[in-house]
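Written out below as structure tokens is the structure these notes cover.
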Amino acid sequence: MGYEPSADELRHLNRCAELAAEALEGADEPFGSVLVAASGDVLFEDRNRTAGGDQTRHPEFEIARWAAANMAPAERAAATVFTSGEHCPMCSAAHAWVGLGRIVYIMSSRQLVELRAELGAPAAPVNAIPVQEVAPGVPVDGPVAALEATMRELHTRACA
Ligand code: ZN
């Protein structure tokens with residue numbers, strides 16, 4: 001059930017992992033996301049910024065707001081959001097409310113919940129509901145095995 005990305009897709013997913021590493025260096029949580037237009041152009045990217053105390057500062061949420069402010073509805077629907085970890089329910093809802101298109105993630109929420117449990121990290125306050133249960137119209141691909149070890153290592157460091 002894993003997804004085999006194309007070379008271009010893998011490049012965007014690698015950038016997500018880089019952004020996640022940058023977040024961890026900044027004492028934030030290791031998540032990064034990239035918004036890519038139908039043309040293949042990278043439009044916007046961000047990383048987790050929750051260290052300041054606002055636990056809603058997820059990159060996927062920032063992408064949804066950026067898309068709503070800067071893209072026409074048809075452009076949003078044709079765009080793809082690449083992300084290091086599957087959207088949480090808040091971000092899945094924001095993604096669907098602004099009419100964004102496909103999602104490609106490296107690690108699923110289920111994989112992350114299992115890893116965090118293995119590491120003895122506290123459970124999150126929000127259930128890890130899969131994107132498609134929150135936003136059934138959004139095409140979703142993942143997980144991507146080629147980058148899973150990279151993300152597991154970052155999350156393991158984050159929980160240490
Ligand atoms: Zn989120």
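Label reach from Ala37 (point 7 Å along Cα→C-beta): in the range 65-83, amide nitrogens under 17 Å belong to 66-82.
What FRET efficiency comes out for Ala74 versus Gln132 if R0 is 25 angstrom and r is the Cβ-Cβ distance? Round to the nearest 0.05.
Calculated value: 0.65.
Restricting the calculation to Cα atoms, every distinct pair contributes to the Kirkwood radius of the range 54-111, found to be 11.4 Å. Among the DSSP helices (H) of the chain, those spanning at least 18 angstrom by Cα along their long axis with an average Kyte-Doolittle hydropathy of -0.5 or more are 7-25, 145-159; this is a geometric and hydropathy rule only. Since only Ser6, Met107, Pro136 are under comparison, the one whose Cα sits farthest along the positive direction of the charge dipole of the chain, derived from C-beta charges on Lys, Arg, Asp and Glu, is Pro136.
Each of Thr150, Phe61, Ala23 was scored by the projection of its Cα onto the charge dipole of the chain, and the greatest displacement toward the positive side belongs to Phe61; charges sit on the C-beta of Lys, Arg, Asp and Glu.
If R0 equals 35 Å, the separation of the Cβ atoms of Ala124 and Ala146 corresponds to a calculated FRET efficiency of about 0.85. Across the alpha-carbon set of the range 7-159, the Rg to Rh ratio works out to 0.94, Rh being the Kirkwood radius.
Could you tell me how far the Cα centroid of the range 24-88 sits from the Cα centroid of the range 97-158, in Å? What the calculation gives is 14 Å, centre to centre.
Bear in mind that the values in this text are calculations on the coordinates, not laboratory data. Since the structure is predicted, the reported quantities are computational estimates derived from the model, not experimental observations. Neighbour counts are summed over all protein chains in view; Cβ atoms, including those assigned to glycine, are modelled from backbone coordinates with ideal geometry.
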